[in-house]
Amino acid sequence: MMPKRKMLGFILMLSFTLIVGAGTTTFAYGAEAAPTGGTSPSPASGSEGASSGQAVTPDTYIIQADDILTIDGSPHLELRARSYRVSEDGTIMMLYLKRIEVKGLSKRQLQDKLMEMYDPKYFKNVVINVEVRIKSFNIVGEVRNPGIKDLLTQTSILTAIASAGDFTEYADPSKVIVIRLDKEGMPTRQTIDCKAILRGKAPDSFLVKPNDVISVLRKGFLGI
């Protein structure tokens, strides 16, 4: 269950995303945006459009520090499914294997590594299955395909917007709000000027983090 302090932070963050969307695009946290007019908005063209990054799938995802892994070793009960958090040094501590390095591996590579490490004399017919809890972020407001998106690789703010179908014609790229929880679970707010980035006046160096909420405001919206 989410701690009360983090729950309060989540409620505040959700309330903010609903407020900034009032009077522009109707949306709910994690839901598709409802059309606001008779015609569908088209993405901004030319230098105002965000470019997409290289696609990564859950199967090709490379394990990183702080990832959550679920590892099951059927049919052995002592190897039943357990969750492990990858430490900062890229390792996990597993039963019978002690500490092993997992950072930099895909889940298939980790499965093969574990299969080789478990002694068949003691673990006959063991089948290792690894699942990675995929991180995500949420993007709302004036983008063509809002909602929760997988965060499978290092993602800049423009790549995140491209994953949501790019800006609509009503978007104000100079006012992209990012809501992020701090270490204590409280929401913080930062405004990113994507228009300056697209025009080459600023680097696309802002990286999206897990559980970020990105809100793209409408032109003329004064904010709160």
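The values are calculated or read from the model by the stated rules, or taken from the named source; none is laboratory data. In this text, all values refer to a predicted model and were calculated from it rather than measured experimentally. All Cβ positions, even for glycine, are placed from backbone atoms using ideal geometry, and neighbour counts span all protein chains on display.
Each residue in segment 58-92 was checked for being at positive phi and polar (S, T, N, Q), and 0 of them qualify. Does K124 meet the test of being among the charged types (D, E, K, R) and in the same structural domain as D72 (by TED's automatic domain parsing)? So K124 passes the test.
The combined condition, being closer than 19 Å to S136 by Cβ and at pLDDT 95 or above, is not fulfilled by D182.
Checked against (1) surrounded by fewer than 17 Cβ atoms within 10 Å (Cβ to Cβ); (2) over 25 Å from Y84 (Cβ atoms), E116 meets all criteria but (2). Report yes if I134 is among the hydrophobic types (A, V, I, L, M, F, W, C) and either part of a strand (DSSP E or B) or under 19 Å from D204 (Cβ atoms) (or both), otherwise no. In short, no.
Being farther than 26 Å from D59 by Cα, surrounded by fewer than 18 Cβ atoms within 10 Å (Cβ to Cβ) and out of contact with any strand residue (DSSP E or B) (no Cβ under 8 Å at 6 or more places or on another chain) is not true of A196.
Residue-level check: of (1) out of contact with any helix residue (DSSP H, G or I) (no Cβ under 8 Å at 6 or more places or on another chain); (2) farther than 24 Å from N211 by Cβ; (3) not polar (S, T, N, Q), I92 misses just (2).
All conditions but one from (1) under 15 Å from S136 (Cα atoms); (2) modelled with pLDDT of 95 or more apply to T188; the one that does not is (1).
Of the residues making up segment 54-71, those that are closer than 15 Å to V102 by Cβ and not aromatic (F, W, Y) are I62, I63, Q64, A65, D66, D67, I68, L69, T70, I71. Residues in segment 84-111 that are in contact (Cβ under 8 Å) with a residue 40 or more places away in the chain and exposed (fewer than 15 other Cβ atoms within 10 Å of the Cβ): G104, R108.
When segment 117-151 is limited to residues that are more than 30 Å from A162 (Cβ to Cβ) and polar (S, T, N, Q), the one that is modelled with the highest pLDDT turns out to be N129.
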